[in-house]
Amino acid sequence: MSHHTIDVSDLRFEYPDGTRALDGVSFNITHGESVALVGPNGAGKSTLLMHLNGFLTPREGSVDIGGVVVTKSTLKTVRRSVGMVFQDPDDQLFMPSVYEDVAFGPMNLGLSETEVEARVTSALERVGALQLRERPPYRLSGGEKRAVAIATVLAMTPSVLVMDEPSSNLDPRARRRLIELLASFEHTKIIATHDLDLALEVCDRTIVMSDGTVAADGPTVQIFENAELLDACGLEKPLSLQGCPVCGSGRIR
């Protein structure tokens with residue numbers, strides 16, 4: 001079985017205060033798919049993502065990554081397959097230099113110095129940040145931090161990339177670079193985002209969540225052109241699919 005697959009079956013999760021965040025979520029993502037996860041705040045997106053690499057483990061239902069069911073005993077294996085980029089890059093960058101941050105994961109795998117150096121260089125080159133390797137992370141811009149956070153994940157050579165709001169707080173140029181970067185990845189990807197235009201450009205498939213359930217799952221363009229569905233789930237069409245604000249016709253190009 002491919003290590004790039006994700007199978008979620010009847011996943012349910014309730015926080016200690018009684019809040020039910022996931023209520024019977026099921027879907028399958030196959031090798032190489034790029035899938036957007038959208039929905040209003042509180043829909044369960046972040047809770048779902050945290051189940052994909054074992055930050056949370058299922059209380060009901062199951063999560064299977066490439067044939068490995070996520071349990072407390074399989075976390076090491078699962079986390080080698082699934083790389084997660086958090087919404088706030090500062091949650092991932094904690095070492096004195098960019099190089100040390102990107103090297104942290106490979107070093108903990110017990111790789112040689114030569115192998116670590118090769119992985120760090122490759123990951124930073126991939127995100128266009130090799131020139132930042134000696135910089136302290138706190139001196140980076142928001143877009144640079146995002147790129148380095150992605151590099152820390154790529155250095156672990158994951159099969160699956162999981163990203164939580166990757167375009168948040170980025171200026172337009174940094175956002176465009178991020179979109180181009182994400183579009184170039186051949187990994188299986190699942191991206192939780194409020195940026196529906198990013199989802200439209202990067203993801204062929206979209207899963208819409210509402211109140212802890214899957215409200216819709218299908219081709220991204222088809223989902224985003226369904227105004228009734230989007231309205232029911234507290235969403236709006238991406239700007240690129242909306243009519244001209246001046247004449248009210250056509251799409252914004």
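Here, each number is a calculation from the coordinates, and none is a lab measurement. Keep in mind that what you see is a predicted model, and the values were worked out from it rather than measured. In this analysis, Cβ positions are derived from the backbone assuming ideal geometry, glycine residues included, and neighbour counts consider all displayed protein chains.
Odds and ends about this structure:
- Which of Tyr15, Tyr99 has the fewest Cβ neighbours within 10 Å, and the rest in rising order: Tyr15, Tyr99
- Per-residue Karplus couplings for region 215-228, computed as 6.51 cos²θ - 1.76 cosθ + 1.60 with θ equal to phi - 60°, are listed in order as 7, 6, 8, x, x, 4, 4, 4, 4, 6, 8, 8, 4, 5 Hz, Gly and Pro entered as x.
- Once the chain from Ser168 to Asn28 is taken as fully extended at 0.36 nm per residue, the excess over their C-alpha distance is 47.8 nm.
- Two-site label geometry, Asp88 and Thr71: point separation in nm, points 7 Å out along Cα→Cβ: 3.4
- For Ser97, neighbours were defined as the other residues whose beta-carbon sits under 9 Å from its Cβ, and their charges (Lys and Arg +1, Asp and Glu -1) total -1.
- Packing-based order for 136-149, 109-122, using average beta carbon neighbours within 10 Å, highest first: 136-149, 109-122
- Per-residue ³J(HN,Hα) for region 192-205, Karplus 6.51 cos²θ - 1.76 cosθ + 1.60, θ = phi - 60°, Hz, x for Gly and Pro: 7, 7, 8, 8, 5, 5, 4, 4, 5, 7, 9, 10, 7, 10
- Förster radius 30 Å - calculated FRET efficiency between Glu125 and Val221 (Cβ-Cβ, nearest 0.05): 0.35
- The chymotrypsin sites (Phe, Trp or Tyr not before Pro) of region 1-85 that DSSP puts in a loop, and whose beta carbon has at most 15 other beta carbons within 10 Å, are Phe55.
- Pairs of Lys residues in region 6-241, spaced 8 or more positions apart or belonging to different chains, with C-alpha separations under 28 angstrom: 10 in total.
- Beta bridges per DSSP with both ends in the chain, % antiparallel, nearest 5: 55
- Ordering of 32-43, 175-186, 197-208 by burial proxy (mean other Cβ atoms within 10 Å per residue, highest first): 197-208, 32-43, 175-186
- Convex hull volume of the C-alpha atoms in the chain, normalised per residue: 135 Å³.
- The packing ranking, built from the mean of other Cβ atoms within 10 Å per residue, places the peptides 218-225, 70-77, 155-162 in the order 155-162, 218-225, 70-77, highest first.
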